[in-house]
1. Could you run through region 66-87 and say how many residues are part of a strand (DSSP E or B) and under 13 Å from the mean Cα position of the chain (by Cα)?
2. Mind checking which strands (runs of 3 or more DSSP E) fall wholly inside region 105-192 and carry at least 2 residues that are in contact (Cβ under 8 Å) with a residue 12 or more places away in the chain, open to solvent by 20 Å² or more (accessible area, probe 1.4 Å) and in contact with a strand residue (DSSP E or B) (Cβ under 9 Å, 6 or more places away or on another chain)?
3. Considering region 34-52 alone, what residues qualify as being surrounded by fewer than 18 Cβ atoms within 10 Å (Cβ to Cβ) and aliphatic (A, V, I, L, M)?
4. Out of region 40-63, which residues are among the hydroxyl-bearing types (S, T, Y) and in contact with a strand residue (DSSP E or B) (Cβ under 6 Å, 6 or more places away or on another chain)?
5. Exactly one of these conditions fails for N58: (1) crowded, with 17+ Cβ neighbours inside 10 Å; (2) assigned to a loop (DSSP other than H, G, I, E, B). Give me its number.
6. Report, by residue number, each residue of region 15-37 that is farther than 19 Å from D57 by Cβ and not aliphatic (A, V, I, L, M).
7. Taking the conditions exactly as written (more than 24 Å from N27 (Cβ to Cβ) and touching a Phe, Trp or Tyr at 6+ places or on another chain (Cβ under 9 Å)), does I97 satisfy them or not?
8. Restricting to region 72-104, name every residue that is open to solvent by 20 Å² or more (accessible area, probe 1.4 Å), in contact (Cβ under 8 Å) with a residue 40 or more places away in the chain and farther than 14 Å from Y168 by Cβ.
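The values are calculated or read from the model by the stated rules, or taken from the named source; none is laboratory data. None of these values were measured; they are calculated from a predicted model. Positions of Cβ are generated from backbone atoms using ideal geometry, with glycine treated the same way; all protein chains shown enter the neighbour counts. What goes into the accessible areas is simple: the full protein's heavy atoms, side chains included, and nothing from ligands, DNA or RNA. Shrake-Rupley method; radii C 1.70, N 1.55, O 1.52, S 1.80 Å.
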Amino acid sequence: MNQYSFSFLIEFRLFTSSNITVFGIWNTTAGGDSSPSTSGSGMGNYIPGEGPLAIFDNLNQTKYTSLGACTAGMYALNCGENTGLYFISHDGPVLLISVQFRTANNIIERDPLTTTIEGSNQPSALLTLGSSWTLLYSGTTGLDSILDRHTWGPAQLVWANSILYSSYRILITSKRGVEIGTQYCEVKLNAY
């Protein structure tokens, strides 16, 4: 062992359904105010039983399916766009370093292709306001060439972030094809 040997220990934290509070949203863009999403089959809803908490439960049998500006009977490319969620960490602020998406069980056209990730340290009462959020990432979900179901895309590094945040907002800005909404099985936000 020479005098320049170093040992690094990095503890990665994963957000799970037990250490966060999650809120579904739609009709929302990066920097804009959030519109709340609820369970149902109409505009602004997510499919009953397929809500936003599912992407943090570490189960491949569940998924988050959001309709966005469409209803369950409409098929369009923009269905499910500008939807997503924000969450509050119960463990306090963490530094986000990468994001990774996992495809759901079916319907390739619903796969999210681009996303934005924002961070905030504002009180929960202010998190619906766009001014509460700082853009950390805007780009691919990593699922562009992933056609298999229940498959993780590659981790996308969040280079511009150097601040620890206690809340994060994930928005889907485009999806693969014409369908009633967007869906994904899991999202892994790697942080420390």
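1. Qualifying residue count for the region: 6.
2. 112-120, 134-140, 167-175, 186-191
3. Selection gives M43 alone.
4. Scanning region 40-63 gives a single hit, Y46.
5. Looking at each condition in turn, N58 falls short on (1).
6. Matches in region 15-37: W26, N27, T28, T29, G31, G32, D33, S34, S35, P36.
7. yes
8. A72, G73, M74, Y75, A76, L77, E81, N82, R102
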